[in-house]
Each structure stands twice: as structure tokens, then as C-alpha cells.
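The values are calculated or read from the model by the stated rules, or taken from the named source; none is laboratory data. On a predicted model such as this, the values are computed, not experimentally measured, just so you know. Note: ideal-geometry Cβ built from the backbone for every residue, glycine included; neighbour counts use all protein chains shown. Side chains included, ligands, DNA and RNA excluded: accessible areas come from the protein's heavy atoms. Shrake-Rupley method; radii C 1.70, N 1.55, O 1.52, S 1.80 Å.
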Amino acid sequence: MKIRKLCLTFLMTACIVSAEETLLKSGELKSGGFGGPVVKISQVNGEAGVLVGGRGGWLINSVFSIGGGGYGLVNDIHADHPDSMRIDLGVGGLILEAVFMPQRLVHGTASVLVGAGGLNRHRRMRDDSDDGGETFFALEPEVNLEINVHRIFRVCSGLSYRWLAGESDFVDSDWDLSGISVNLTFKFGRF
């Protein structure tokens, strides 16, 4: 738990320091934006999960973005209670991102998503929902390598840690919904 807090503190500090150094030294504010799809592979409730969604943001001086995004589980994952059900998971929220040396062909990014997650369970044979949904606080720090493919297109690949905090009747623990993800993001826009 202390390692997670240390990693999160480091990531948030890196985002703030990067933004302050570049934004405050610059006499002119350069603005851009981007959007695109996201694919994440992660363990969810002890099974391999595929999460798909999108994200976008307002890019400030090519080094800091403020935006939002979300993604949802697209494959079947079994619920623990009762085990004849499957779960649906979705996560979304505000995303803050620092971009390091964006003019280089390959460069790094660090971001954090702060928002909410939702969980629902369904019968396996039908799409009828059961017992409503549950909500969680979501926090997801992420580090990536980004490639400038074209002046309007970038590809990011990296790792994140999804932490969902809340009580659930559908799985044994909220830790069953938290975990490391391998991510692939396609960004289209004005950088």
C-alpha cells in the first residue's frame, strides 16, 4: 500500500512540475487538442479482461493536457456472488497528463485519471440486469511511451494501475477489480 501511495505521489508531482516549468516560462500560450480510442488488457476478478473506450484533452504548450476519458469491459467476466452471473465494469473521469520532450520521435508521458467506476451484474444467458449497479471511486496513474507517427497522429503504449475503492456485493473485494493494465492509445489531433 505504501508503494502505491509513493508511486502516485511521484506521478502527480512529475505532472505538476512539468506543467509549471514549461507553462510559467513560456511567454505565449500554445493550445491544441486530441481525442482517440483506448484499449486496455487487465486482470478483472481473477480473469483476463479487455477494456475499450476513449479519451481526449486540451493540450497546453504541447506538454500538459487536461481532459477526460472512460472505458468499459467488453468480454465476459464471472461474478463471485452468485457465480452464475457475469459482471460489467466501466471507469471514467478527469485525466491530467504531462508530456516529456514532445518534439522527440519517441518520448514519455505520465497521467492520472481521477473519477468513478461502475459495476453491474447480468445473467449469463440473457442481458437482464440484476440488483442494479454499484459505484466506486477510481484512481489510475499511468506511464507511457508515445511515438509521433504524423503531425496529427500519435500512438501511446504503457502501463497503468487501476485502483477502485468501494464496497461490492458482486465480487469478494474491490481489489478484485483493481490491477495493472497494459494500454494502447491512439491520439488524433493538433499537438
Any chance you could count how many residues in the stretch 70-95 are closer than 22 Å to ARG190 by Cβ and either over 16 Å from the mean Cα position of the chain (by Cα) or open to solvent by less than 20 Å² (accessible area, probe 1.4 Å) (or both)?
1
Among GLU134, GLU140, which is modelled with pLDDT of 90 or more, charged (D, E, K, R), open to solvent by less than 30 Å² (accessible area, probe 1.4 Å) and part of a strand (DSSP E or B)?
GLU140
Quick one: count up the residues across the stretch 174-191 that are more than 21 Å from THR109 (Cβ to Cβ) and touching a residue at least 12 places away in the same chain (Cβ under 8 Å).
4
The stretch 143-164, subset basic (Lys, Arg) and either under 16 Å from GLY57 (Cα atoms) or surrounded by 15 or more Cβ atoms within 10 Å (Cβ to Cβ) (or both), residue farthest from the chain's Cα centre (by Cα):
ARG154
Among (1) modelled with pLDDT of 80 or more; (2) on the phi < 0 side of the Ramachandran plot, there is one condition CYS7 misses while meeting the rest; what is its number?
(1)
For residues that are within 15 Å of the chain's Cα centre (by Cα) and surrounded by fewer than 21 Cβ atoms within 10 Å (Cβ to Cβ), scanning just the stretch 166-182, find the one that is modelled with the lowest pLDDT.
GLY179
Kindly provide the set of residues from the stretch 55-77 that are more than 17 Å from VAL143 (Cα to Cα), of a type outside the set (Phe, Trp, Tyr), in contact with a strand residue (DSSP E or B) (Cβ under 7 Å, 6 or more places away or on another chain) and free of Cβ contacts under 8 Å to residues at least 40 places away in the same chain, ordered by number.
GLY72, LEU73, VAL74, ASN75, ILE77
